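Shown next, in C-alpha coordinates, is the structure this report addresses.
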Amino acid sequence: MLKFLKKTEKTAKSVSEAKELALAELGVSEDEADIEVLDEGSKGFLGLGAKEAHVTVEVKDANAAIAKKFLSELFAAMKLDITIEVKSEDNMLNIELIGSDMGIVIGKHGDTLDGVQYLTSLVVNSINENYIKVTIDAENYRQKRQETLIALSERLAHKVEKTGRKQTLEPMNPYERRIIHANLQSSDKVTTYSIGDEPYRKVVIAPKNPRQYAKRSSHQDYGKRGTYGGYKNYENTDYTPSYIPEDEYTGDSDE
(Lines give C-alpha, C1' and ligand atoms only; values in the text may rest on other atoms or scores of the structure.)
Protein backbone atom coordinates (compact mmCIF):
# COMPACT_ATOMS: atom_id res chain seq x y z
CA MET A 1 0.00 0.00 0.00
CA LEU A 2 1.15 3.55 -0.71
CA LYS A 3 3.10 5.08 2.15
CA PHE A 4 1.66 8.39 3.22
CA LEU A 5 2.67 10.88 5.90
CA LYS A 6 0.26 13.42 7.32
CA LYS A 7 2.92 15.29 9.27
CA THR A 8 6.70 15.67 9.30
CA GLU A 9 9.49 17.74 10.86
CA LYS A 10 12.62 18.99 9.12
CA THR A 11 15.76 20.91 10.01
CA ALA A 12 17.95 22.86 7.58
CA LYS A 13 20.22 25.87 7.37
CA SER A 14 17.21 28.13 6.77
CA VAL A 15 13.45 28.09 7.38
CA SER A 16 12.70 28.17 3.65
CA GLU A 17 14.96 25.19 2.99
CA ALA A 18 13.40 23.23 5.86
CA LYS A 19 9.90 23.98 4.54
CA GLU A 20 10.83 22.83 1.03
CA LEU A 21 12.21 19.56 2.37
CA ALA A 22 9.07 18.91 4.44
CA LEU A 23 6.64 19.79 1.64
CA ALA A 24 8.52 17.58 -0.81
CA GLU A 25 8.36 14.64 1.58
CA LEU A 26 4.60 15.09 2.08
CA GLY A 27 3.98 15.66 -1.61
CA VAL A 28 1.89 18.80 -1.13
CA SER A 29 2.15 22.49 -1.90
CA GLU A 30 2.52 25.22 0.71
CA ASP A 31 -1.18 26.12 0.29
CA GLU A 32 -2.13 22.53 1.16
CA ALA A 33 -0.26 22.43 4.45
CA ASP A 34 -0.07 24.04 7.88
CA ILE A 35 3.49 25.12 8.67
CA GLU A 36 4.87 25.87 12.11
CA VAL A 37 8.35 27.27 12.62
CA LEU A 38 9.75 25.75 15.80
CA ASP A 39 13.13 27.42 15.54
CA GLU A 40 14.35 29.97 12.99
CA GLY A 41 17.94 28.97 13.64
CA SER A 42 20.99 31.23 13.72
CA LYS A 43 24.24 31.64 11.82
CA GLY A 44 26.36 32.03 14.90
CA PHE A 45 29.62 34.00 14.89
CA LEU A 46 32.29 33.06 12.40
CA GLY A 47 30.55 29.71 12.04
CA LEU A 48 30.60 29.04 15.73
CA GLY A 49 27.36 28.38 17.58
CA ALA A 50 25.33 28.06 14.36
CA LYS A 51 21.90 26.54 14.83
CA GLU A 52 19.67 24.99 12.18
CA ALA A 53 16.09 26.07 11.51
CA HIS A 54 13.42 23.62 12.60
CA VAL A 55 9.88 23.38 11.15
CA THR A 56 6.89 21.07 11.39
CA VAL A 57 4.51 20.68 8.45
CA GLU A 58 1.09 19.00 8.51
CA VAL A 59 -1.23 18.26 5.59
CA LYS A 60 -4.53 20.18 5.77
CA ASP A 61 -6.68 17.65 3.87
CA ALA A 62 -5.11 14.22 4.15
CA ASN A 63 -7.75 12.50 2.01
CA ALA A 64 -7.29 14.85 -0.93
CA ALA A 65 -3.52 14.73 -0.57
CA ILE A 66 -3.18 10.94 -0.56
CA ALA A 67 -5.60 10.60 -3.49
CA LYS A 68 -3.64 13.15 -5.51
CA LYS A 69 -0.31 11.55 -4.62
CA PHE A 70 -1.51 8.05 -5.53
CA LEU A 71 -2.99 9.15 -8.84
CA SER A 72 0.07 11.24 -9.72
CA GLU A 73 2.37 8.25 -9.20
CA LEU A 74 -0.01 5.94 -11.08
CA PHE A 75 -0.24 8.19 -14.15
CA ALA A 76 3.50 8.86 -14.07
CA ALA A 77 4.07 5.09 -14.25
CA MET A 78 1.63 4.97 -17.20
CA LYS A 79 3.53 7.87 -18.82
CA LEU A 80 0.37 9.96 -18.95
CA ASP A 81 0.33 13.73 -18.47
CA ILE A 82 -2.86 14.31 -16.49
CA THR A 83 -3.97 17.17 -14.25
CA ILE A 84 -5.74 16.07 -11.08
CA GLU A 85 -8.33 18.33 -9.45
CA VAL A 86 -9.67 17.22 -6.07
CA LYS A 87 -12.67 18.64 -4.23
CA SER A 88 -13.38 17.45 -0.71
CA GLU A 89 -16.68 17.83 1.12
CA ASP A 90 -17.92 15.98 4.21
CA ASN A 91 -17.15 12.29 3.62
CA MET A 92 -16.75 12.58 -0.13
CA LEU A 93 -13.92 13.15 -2.58
CA ASN A 94 -14.78 14.30 -6.10
CA ILE A 95 -11.83 14.01 -8.47
CA GLU A 96 -11.69 15.36 -12.01
CA LEU A 97 -9.00 14.16 -14.43
CA ILE A 98 -7.95 16.49 -17.23
CA GLY A 99 -5.61 15.65 -20.09
CA SER A 100 -5.22 14.62 -23.71
CA ASP A 101 -5.19 10.85 -23.16
CA MET A 102 -8.54 10.43 -21.44
CA GLY A 103 -9.62 7.59 -23.74
CA ILE A 104 -6.91 5.39 -22.20
CA VAL A 105 -7.93 6.36 -18.68
CA ILE A 106 -11.67 5.85 -19.28
CA GLY A 107 -11.41 2.52 -21.13
CA LYS A 108 -14.25 0.50 -22.66
CA HIS A 109 -17.56 1.41 -20.98
CA GLY A 110 -15.54 3.17 -18.27
CA ASP A 111 -13.91 -0.06 -17.02
CA THR A 112 -10.45 1.50 -16.58
CA LEU A 113 -11.88 4.61 -14.92
CA ASP A 114 -13.86 2.40 -12.53
CA GLY A 115 -10.71 0.44 -11.71
CA VAL A 116 -8.74 3.62 -10.99
CA GLN A 117 -11.61 4.85 -8.82
CA TYR A 118 -11.71 1.57 -6.90
CA LEU A 119 -7.97 1.57 -6.22
CA THR A 120 -8.02 5.22 -5.15
CA SER A 121 -10.88 4.46 -2.77
CA LEU A 122 -8.86 1.63 -1.19
CA VAL A 123 -5.88 3.92 -0.68
CA VAL A 124 -7.93 6.80 0.78
CA ASN A 125 -9.89 4.58 3.14
CA SER A 126 -6.74 2.86 4.38
CA ILE A 127 -6.02 5.97 6.47
CA ASN A 128 -9.60 6.55 7.65
CA GLU A 129 -11.84 4.99 10.26
CA ASN A 130 -15.00 6.36 8.63
CA TYR A 131 -15.75 5.46 5.01
CA ILE A 132 -14.90 8.11 2.41
CA LYS A 133 -16.76 7.90 -0.92
CA VAL A 134 -14.44 8.55 -3.86
CA THR A 135 -15.78 9.51 -7.28
CA ILE A 136 -13.47 10.01 -10.27
CA ASP A 137 -14.63 11.48 -13.56
CA ALA A 138 -13.00 12.46 -16.86
CA GLU A 139 -14.45 14.53 -19.70
CA ASN A 140 -17.87 14.35 -18.01
CA TYR A 141 -17.96 10.62 -18.79
CA ARG A 142 -20.19 9.71 -15.82
CA GLN A 143 -22.98 12.05 -16.93
CA LYS A 144 -22.74 10.94 -20.56
CA ARG A 145 -22.82 7.27 -19.54
CA GLN A 146 -25.84 7.87 -17.31
CA GLU A 147 -27.73 9.48 -20.20
CA THR A 148 -26.81 6.54 -22.46
CA LEU A 149 -28.02 3.98 -19.90
CA ILE A 150 -31.30 5.83 -19.33
CA ALA A 151 -31.98 5.92 -23.07
CA LEU A 152 -31.07 2.23 -23.37
CA SER A 153 -33.32 1.20 -20.48
CA GLU A 154 -36.27 3.11 -21.91
CA ARG A 155 -35.77 1.62 -25.37
CA LEU A 156 -35.59 -1.93 -24.01
CA ALA A 157 -38.52 -1.35 -21.65
CA HIS A 158 -40.62 -0.33 -24.65
CA LYS A 159 -39.53 -3.51 -26.45
CA VAL A 160 -40.45 -5.65 -23.43
CA GLU A 161 -43.83 -3.93 -23.17
CA LYS A 162 -44.47 -4.51 -26.85
CA THR A 163 -43.31 -8.15 -27.13
CA GLY A 164 -43.86 -9.47 -23.61
CA ARG A 165 -40.37 -10.98 -23.58
CA LYS A 166 -37.71 -10.09 -21.06
CA GLN A 167 -34.45 -8.38 -22.05
CA THR A 168 -31.12 -9.10 -20.36
CA LEU A 169 -28.51 -6.35 -20.48
CA GLU A 170 -24.75 -6.75 -20.61
CA PRO A 171 -22.82 -7.06 -17.32
CA MET A 172 -22.61 -3.77 -15.43
CA ASN A 173 -21.10 -2.51 -12.21
CA PRO A 174 -23.39 -1.69 -9.24
CA TYR A 175 -23.44 2.04 -10.03
CA GLU A 176 -24.69 1.46 -13.58
CA ARG A 177 -27.22 -1.17 -12.50
CA ARG A 178 -28.67 1.31 -10.02
CA ILE A 179 -29.24 3.78 -12.87
CA ILE A 180 -31.32 1.19 -14.77
CA HIS A 181 -33.31 0.17 -11.68
CA ALA A 182 -34.00 3.76 -10.64
CA ASN A 183 -35.10 4.85 -14.10
CA LEU A 184 -37.67 2.06 -14.45
CA GLN A 185 -38.83 1.64 -10.86
CA SER A 186 -42.01 3.67 -11.38
CA SER A 187 -43.07 1.80 -14.55
CA ASP A 188 -46.41 -0.02 -14.38
CA LYS A 189 -45.46 -2.14 -17.41
CA VAL A 190 -42.03 -3.57 -16.61
CA THR A 191 -39.98 -4.63 -13.61
CA THR A 192 -36.22 -5.01 -13.16
CA TYR A 193 -33.96 -7.29 -11.16
CA SER A 194 -30.35 -8.45 -11.25
CA ILE A 195 -28.91 -11.90 -11.92
CA GLY A 196 -25.45 -13.45 -11.77
CA ASP A 197 -22.36 -12.81 -9.69
CA GLU A 198 -19.88 -9.96 -9.83
CA PRO A 199 -18.28 -8.89 -12.08
CA TYR A 200 -20.76 -10.45 -14.53
CA ARG A 201 -23.95 -9.37 -12.75
CA LYS A 202 -26.64 -8.19 -15.19
CA VAL A 203 -29.94 -6.34 -15.12
CA VAL A 204 -33.04 -8.05 -16.49
CA ILE A 205 -36.01 -6.01 -17.71
CA ALA A 206 -39.16 -8.14 -17.67
CA PRO A 207 -42.90 -7.60 -18.17
CA LYS A 208 -44.70 -6.81 -14.93
CA ASN A 209 -47.83 -8.72 -16.02
CA PRO A 210 -46.59 -11.44 -18.42
CA ARG A 211 -49.88 -13.35 -18.52
CA GLN A 212 -51.51 -10.65 -20.60
CA TYR A 213 -49.26 -11.71 -23.47
CA ALA A 214 -50.44 -15.33 -23.39
CA LYS A 215 -53.11 -15.61 -26.09
CA ARG A 216 -56.21 -17.45 -25.01
CA SER A 217 -57.02 -20.44 -27.18
CA SER A 218 -59.02 -23.65 -27.41
CA HIS A 219 -57.80 -26.83 -25.76
CA GLN A 220 -56.70 -28.41 -29.07
CA ASP A 221 -54.43 -25.48 -29.89
CA TYR A 222 -52.86 -25.50 -26.42
CA GLY A 223 -49.13 -24.88 -26.58
CA LYS A 224 -49.00 -23.57 -30.17
CA ARG A 225 -47.69 -20.21 -31.24
CA GLY A 226 -50.41 -17.54 -31.30
CA THR A 227 -51.44 -15.65 -34.40
CA TYR A 228 -50.18 -12.34 -33.06
CA GLY A 229 -46.93 -13.57 -31.54
CA GLY A 230 -48.31 -14.41 -28.09
CA TYR A 231 -47.96 -17.88 -26.61
CA LYS A 232 -51.01 -20.02 -25.99
CA ASN A 233 -49.15 -22.05 -23.39
CA TYR A 234 -47.27 -19.48 -21.36
CA GLU A 235 -45.83 -22.15 -19.07
CA ASN A 236 -43.52 -23.21 -21.89
CA THR A 237 -42.41 -19.70 -22.82
CA ASP A 238 -39.42 -17.69 -21.75
CA TYR A 239 -41.27 -15.12 -19.72
CA THR A 240 -40.34 -13.82 -16.30
CA PRO A 241 -42.93 -13.64 -13.48
CA SER A 242 -43.84 -10.25 -12.09
CA TYR A 243 -42.32 -11.17 -8.75
CA ILE A 244 -39.37 -13.25 -7.57
CA PRO A 245 -39.83 -15.59 -4.56
CA GLU A 246 -37.76 -14.43 -1.61
CA ASP A 247 -35.60 -17.55 -1.62
CA GLU A 248 -34.74 -16.94 -5.29
CA TYR A 249 -34.48 -13.16 -5.13
CA THR A 250 -31.21 -11.86 -6.52
CA GLY A 251 -32.33 -8.30 -6.91
CA ASP A 252 -31.47 -4.89 -5.74
CA SER A 253 -30.50 -5.11 -2.07
CA ASP A 254 -26.85 -4.87 -3.06
CA GLU A 255 -27.44 -2.17 -5.64
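The portion of the accessible surface of the range 53-129 made up by carbon and sulfur, rounded to a whole percent, is 49 (1.4 Å probe; DNA, RNA and ligands excluded). Here the contact order of the range 89-185, divided by its residue count and restricted to Cα pairs under 8 Å and six or more residues apart, works out to 29 percent.
Excluding ligands, DNA and RNA, the accessible surface per residue across the range 133-204 is 55 Å² with a 1.4 Å probe.
Stretching Ser126 away from Glu85 to a fully extended chain increases their span by 12.7 nm, per 0.36 nm per residue minus the current alpha-carbon distance.
Inter-label distance, Asn209 to Ser16: 8.0 nm, where each label sits 7 Å from its Cα along the C-beta direction.
Filter Lys51/Lys79; Lys133/Lys202; Lys7/Lys43; Lys60/Lys108; Lys6/Lys144; Lys7/Lys144 down to the pairs with a C-alpha to C-alpha distance above 31 Å, please.
The answer is Lys51/Lys79; Lys60/Lys108; Lys6/Lys144; Lys7/Lys144.
Counting heavy atoms of the protein chains alone, Asp188 has an accessible area of about 110 Å² for a 1.4 Å probe. With the simple model of a label 7 Å out from the Cα in the direction of the Cβ, Lys144 to Asp61 spans 2.6 nm.
The values are calculated or read from the model by the stated rules, or taken from the named source; none is laboratory data. Note that this is a predicted model, so its numbers are computed, not measured. Counting neighbours? That spans all protein chains shown, and the Cβs are built from the backbone with ideal geometry, glycine included. The area values use the complete protein model at the heavy-atom level, side chains included, leaving out ligands, DNA and RNA. Shrake-Rupley method; radii C 1.70, N 1.55, O 1.52, S 1.80 Å.
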